[in-house]
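Below is one structure, written out as structure tokens; the observations come after it.
We did not get these values from a lab; they are worked out from the coordinates using the rules stated. Keep in mind it's a predicted model, so treat the numbers as computed, not measured. Every residue, glycine as well, gets a Cβ built from its backbone with ideal geometry; the counts of neighbours run over all protein chains shown.
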Amino acid sequence: MEGIVKGWIISIIAVAVILSALLSISPSFSTTKESNEPRIKEILLIANEGVQRIVPDNNLYPEGLIYNTMTFNGTIPGPLISVNQGDILKITLRNEGKIIHSLNLHAGFGPTQALSGVVQPGESKTWTMKADYPGVFLYHCDGDNLNGIWEHIATGMYGGIIVHSPQEKPAKEFFVFFSEVYTSFDSQPGIESQIGSFDFEKFIDNRPDLILTNGMAFRYIPVIGTQAKVMLNSSAETFHVKTDELTRWYIFNAGPRNDLAFNFGAGMIPADNSEKIIEEGEKDAYRYDEIRDIPPGSGTVIEMTFPEKGTYFGNDHDIGSLLKGAGFVVIVDDK
Ligand SMILES: [Cu+2]
């Protein structure tokens, strides 16, 4: 009996020692762990149909263009979802429209995480996805199990998701989405009452009329030309950064059909980190590209600094895209 009691006492002391050791290290350990702990992030995407302006009144499109759209949360692009690697997304897709919509999240791995399936008008669906893979991904509507996917994407049903890696350095971040529009209405002066709609024949023939840059053609291009000026957007917005400031650009091409030959006019693009080459004696050497090819349905990240002050132009080097509204001006000032 005495032996058993002694054994218990020794066991209790041993457990107490282990517990006290654990407790003594727990404060700093749990603090570190908390910061890395996956967060549960709730995302609500509301699918709907609507009408919005996609071209301002300009020299190429007098009166501009109003268009029949489909959107997530009423905007083109839909909201940019930004999460950390390891986060858990609780996604709700609510269909407030008149037709079937759905969601295809390129950041998800596996049908139960990446695909909502059909969501009928008036219904909603909630599911979870683990953001295990860092990167830049598009999301879009799949229409009714792929039927009509072309129209849903080409009229605005897409957005982006960024899964941040813990290794990222702090940087000034921007995002820009490009996408094609195939419209039944060729803008002509004096026909302001008409509203453009998706043109299936032009889509099949691959004849896009417009390229949207964050939801509007010519959104970020005020004018081209110095003598014979072509006014493209009298209230164009521009991007502003400082020399030598680390910037990170998330560039998306929603397509739905054509590649984007992305270029920074007056700049160079460090090759993607995954393609980073380390040469002997040159620890952080990058290979530089002048064009980053961005296929339809994808996004990319460009991390760079601008060496000199002045004007840079983010563009599709398929030059015809400029006349369809693709591009954005970056003004770089001295720091
Ligand atoms: Cu849809």
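Numerical summary
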| read-out | value |
| --- | --- |
| Region 40-333 - charge dipole about Cα centre, Lys and Arg +1 at Cβ, Asp and Glu -1, debye rounded to 20 | 600 debye |
| Simple spin-label estimate for Ser184 and His240 in nanometres, 7 Å along Cα-Cβ | 4.3 nm |
| Overall form of region 40-333 per C-alpha gyration tensor (a/c, 1.5; a/b vs b/c) | oblate |
| Which listed pairs, of Lys98/Lys324; Lys229/Lys335; Lys172/Lys309; Lys41/Lys130, have C-alpha distances above 20 Å, in listed order | Lys98/Lys324; Lys229/Lys335 |
| Cut-off 15 Å (backbone N to label point 7 Å along Cα→Cβ of Ser124), residues of region 79-96 | 90-96 |
| Ranked list, fewest to most other Cβ atoms within 10 Å of each Cβ, for His106, His101 | His106, His101 |
